[in-house]
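The values are calculated or read from the model by the stated rules, or taken from the named source; none is laboratory data. Note that this is a predicted model, so its numbers are computed, not measured. Here the Cβ positions follow ideal geometry from the backbone for every residue, glycine too, while neighbour counts run over all protein chains shown. Ligands, DNA and RNA are stripped out before the accessible areas are found, and what is left, the full protein with its side chains, is counted by its heavy atoms. Shrake-Rupley method; radii C 1.70, N 1.55, O 1.52, S 1.80 Å.
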Amino acid sequence: MATWTSRGLRGSVLEEMVNHTNQRYRDMGLALIQKIPTPITPVRFDKNSRHITLAYFEKKSTVDYMGAVQGIPVCFDAKECAADVFPLQNIHEHQMNFMREYERQQGISFLLIYFTHRRECYYLRFAEMEIYWRRMKEGGQKHFKYSELSREYFVPSGRGASLHYLAAIQKDLQERNEKEKGENPGTF
């Protein structure tokens, strides 16, 4: 059977860490997160190795991972960065639109950004991503800097996972709940 490996995260350290973490979360019954393959149409095959040698993408992909965490739908993309500046061109308009729509449906959207030279991973909340995106669209910086990021959203390791990103999701949910309570105070 012919196989195809995406060029997006192929062989990356981050993909291996996320996949390992997702398996640990599944084994522990904490979450069910799956890698979403990018749909392709094969054009040419190498008959000897039975590998696809030429293909084209059927449509633009949305995010790398989707699933549920304790009944909460989540979607996220995983990106690697080798510097202290993350270029927003690494996030595509269709991805932003998809994540925005996902959030409107009460899901949680985010990026995991692995700063390879620091060996640190950041959980970029969708609300924070929108701030940087809007700034770029209004003619501002086309990137954001490591120094702009909140220390509390760097992803720890733990619970047998390479990247314990559920800790960041929990913090994100907590902040969302606090914000919602502040915007909708109860009446007596």
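General remarks:
- Failed condition for V85, given (1) over 13 Å from the mean Cα position of the chain (by Cα); (2) buried (at least 17 other Cβ atoms within 10 Å of the Cβ); (3) not basic (K, R): (2)
- Flag for S61 being over 15 Å from the mean Cα position of the chain (by Cα), modelled with pLDDT of 65 or more, assigned to a loop (DSSP other than H, G, I, E, B) and polar (S, T, N, Q): no
- Members of segment 116-141 found to be within 15 Å of the chain's Cα centre (by Cα) and either touching a residue at least 60 places away in the same chain (Cβ under 8 Å) or assigned to a helix (DSSP H, G or I) (or both), listed by number: C121, F126, A127, E128, M129, E130
- For segment 72-101, a tally of residues being among the aromatic types (F, W, Y) and either in contact with a Phe, Trp or Tyr (Cβ under 8 Å, 6 or more places away or on another chain) or touching a residue at least 60 places away in the same chain (Cβ under 8 Å) (or both) returns 2.
- Of the residues making up segment 142-161, those that are part of a loop (DSSP other than H, G, I, E, B), open to solvent by less than 80 Å² (accessible area, probe 1.4 Å) and free of Cβ contacts under 8 Å to residues at least 24 places away in the same chain number 2.
- N48 being under 14 Å from the mean Cα position of the chain (by Cα), open to solvent by 40 Å² or more (accessible area, probe 1.4 Å) and modelled with pLDDT of 60 or more: no
- In segment 118-130, the residues that are within 16 Å of E15 (Cα to Cα) and surrounded by fewer than 22 Cβ atoms within 10 Å (Cβ to Cβ): R119, E120
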